[in-house]
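What follows is calculated from the coordinates using simple rules that are stated; it is not laboratory data. Quick caveat, the model's predicted, so the values are computed rather than measured. We place every Cβ from the backbone using ideal geometry, glycine too, and count neighbours over all the protein chains shown.
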Amino acid sequence: MVFLISNELAEGEQNTLNVMVIGGGGREHALALHLNKSRHVGRILCVPGNAGTAQIGENFDLPVSDFASLARLAHEHDVDLTVVGPEAPLCDGIVDHFEAEGLRIFGPSKAAARIEGDKAYAKQLMKSAHIPAPEGRSFDHFEEARTFIASREAGVVIKASGLAAGKGVFVCSDPADALVALEKIMVAREFGEAGDSVVVEELVKGQELSVLALVDDRTIYVLEPAQDHKQFGDGDVGPNTGGMGAYSPAPIATPELLDTIQREVFVPIVDALRREGAPYRGVLYAGLMLTPGGPKVLEFNCRFGDPETQVVLPRLESDLYEMLSAVVDGKLIDLDLRWTPKTAVGVVMAAGGYPGVYEKGKTIEGLSDLQGQEDVFVYQAGTKQIEHVTVTNGGRVLCVTGIGDDVASAQRRAYEAVDTIKFDSAYCRRDIGNKAIARPV
Ligand code: GLY
């Protein structure tokens, strides 16, 4: 479908379209919530969704891997646009399936999503396109990987090459830890087939930065940057998680740095994918380490970040449906997005035990007190509604985002809101935003 950006819609044309969001985390709640504000969107369907998405749309309990049933649902409900949150359905080809059925869908093809689903492939593509990245090699055999690791004196990062739900990356400052990680991946096969091959990389130090860009066949549009906090504990210690909090904008991401990232990272990777016969269309996420020698790409993801989305979207003043449609329709070149200069700080509240074993089913209190506040968004992730009670249903339970004129006020607002929400053994980091406060613009 074609629409004209900035054109007035006649009364009967407003809020008429049905949109489907695939996934059930905080990122998907954020996508659904901000799509729900669009002047085009009438109804939101979420698969499977969570207790948060159920408040703004209708949840459907289908497996996100069952593309035939998802496409049938889209046809039955006259869905105009489907937006895919998680990487697994993208890497398995949901976009190819939907497009073959004539359905509009936001995301890359299976061939292009390989940039996330196959880290050995991504590494080789980055090398061939001269993209700055940590030195590294891929291995299909345990013994070869072990010999290589044993020959190194410095720390390494070991990554399962396939998808491992964010758990297949091990940062090892000691070679002995690296061998333990390698055994988990290739011998114990904790991540199944995802561990058929591994990437072993030099360990680079610096601050991490997430830069996401919208990409269609002709245009790259870099979105507002964010800084994630992957480690579990304050001061960036402890095991890696899916992300414990984020903020946007990131003062460290100067316009000059973003220009460099566009020129040295996005342009060459998008060109390389096109040369591979896998042109990219969707949102492309570059996970970077800002080293003294310049930005280096740690990973590419084929989707929106979580929790980055929960701090980037609340800053978007433009219509999210129009933004996503511009990519799907190949009209990114016409897009002119408006962002608030305010800062968003998002704090993830997790279940006790996460990222290891945790319990579910704990009653969450205090959510209704925060409804309707302009400077707080509570994005639900691992939550479920049982009768009229919202209970925990996952490791990362909520992302509480505060908005403020600067990082300090956004941080204060986020933690005030966090402190009004209660569930048994809730955990959050207490330092989200501190890095940005330590380095003012
Ligand atoms: N925040 C990390 C990710 O989305 O992969």
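Below is a table of values for the structure above.
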{"item": "Over 22 Å between alpha carbons, listed pairs LYS205/LYS230; LYS37/LYS422; LYS230/LYS296; LYS37/LYS435; LYS167/LYS230", "result": "LYS37/LYS422; LYS37/LYS435"}
{"item": "Estimated dipole of the stretch 211-324 in Debye, rounded to 20 [Cβ of Lys and Arg +1, of Asp and Glu -1, Cα centre]", "result": "300"}
{"item": "Local electrostatic count, ALA344, Cβ distance below 12 Å [Lys/Arg +1, Asp/Glu -1]", "result": "-2"}
{"item": "Selected from HIS40, HIS229, HIS77 as most flexible by GNM, with the chain as the system and alpha-carbon contacts under 10 Å", "result": "HIS77"}
{"item": "Simple Cβ-charge dipole of the chain, Lys/Arg +1 and Asp/Glu -1, about Cα centre, in debye nearest 20", "result": "680"}
{"item": "Cα gyration tensor, the chain - rounded (a/c under 1.5), prolate or oblate", "result": "rounded"}
{"item": "Selected from ALA100, THR53, PRO89, residue furthest toward positive end of dipole (the stretch 11-100; charges at beta carbon)", "result": "THR53"}
{"item": "Within the chain, helix-based [θ] at 222 nm, where runs of 4 or more DSSP H residues each add -39,500 (n - 2.57), nearest 500", "result": "-7000 deg cm²/dmol"}
{"item": "C-alpha center-to-center spacing [the stretch 114-148, the stretch 173-238] in angstrom", "result": "12"}
{"item": "Rg(Cα)/(2.2 N^0.38 Å) for the stretch 369-416, N = residue count", "result": "1.31"}
{"item": "The stretch 194-287: C-alpha gyration tensor shape, a/c 1.5 cut-off, then a/b vs b/c", "result": "oblate"}
{"item": "Sequence-separation-based contact order of the stretch 75-181, relative, with Cα cut under 8 Å and 6+ spacing, percent", "result": "19"}
{"item": "The stretch 314-345 and the stretch 255-271: distance between their alpha carbon centers, rounded to Å", "result": "19"}
{"item": "HN-Hα J in Hz across the stretch 55-61 - Karplus 6.51, -1.76, 1.60, θ = phi - 60°, x for Gly and Pro", "result": "7, 10, x, 10, 8, 10, 8"}
{"item": "5 angstrom amide H check on ALA381, placed H, neighbours 5+ away", "result": "LEU398, CYS399"}
{"item": "Listed residues GLY372, GLY242, GLY57, most fluctuating in the chain (Gaussian network, C-alpha, under 10 Å)", "result": "GLY372"}
{"item": "Within straight-line cross-link reach of LYS360, aspartates and glutamates at Cα separation under 19 Å, skipping those fewer than 8 residues along the same chain", "result": "ASP61, GLU387, ASP424"}
{"item": "Highest-fluctuation residue, GLN411, GLN371, GLN231 considered, GNM on the chain with Cα pairs under 10 Å", "result": "GLN371"}
{"item": "Selected from ALA32, VAL283, LEU70, residue furthest toward positive end of dipole (the chain; charges at beta carbon)", "result": "VAL283"}
{"item": "Where the Cα pairs of the stretch 350-441 fall when distances are cut into 5 Å bins, in %", "result": "3, 13, 24, 22, 17, 11, 7, 2, 1, 0"}
{"item": "Residue-count net charge about ASP271 - beta-carbon cut-off 15 Å; Lys, Arg +1, Asp, Glu -1", "result": "+2"}
{"item": "Anisotropy class of the stretch 340-390 from Cα gyration tensor, a/c 1.5 cut", "result": "oblate"}
{"item": "Packing rank of 81-90, 288-297, where each peptide gets the mean count of other beta carbons within 10 Å, highest leading", "result": "81-90, 288-297"}
{"item": "From phi via Karplus (6.51, -1.76, 1.60), per-residue ³J(HN,Hα) for the stretch 222-236 in Hz, x at Gly/Pro", "result": "6, 7, 4, x, 9, 10, 8, 10, 7, 6, 6, x, 3, x, 6"}
{"item": "For the stretch 2-73 and the stretch 351-424, distance of Cα centres in Å", "result": "22"}
{"item": "Integer Hz, Karplus 6.51/-1.76/1.60 couplings in order for the stretch 29-40, x for Gly and Pro", "result": "4, 5, 4, 5, 4, 7, 5, 5, 8, 5, 6, 8"}
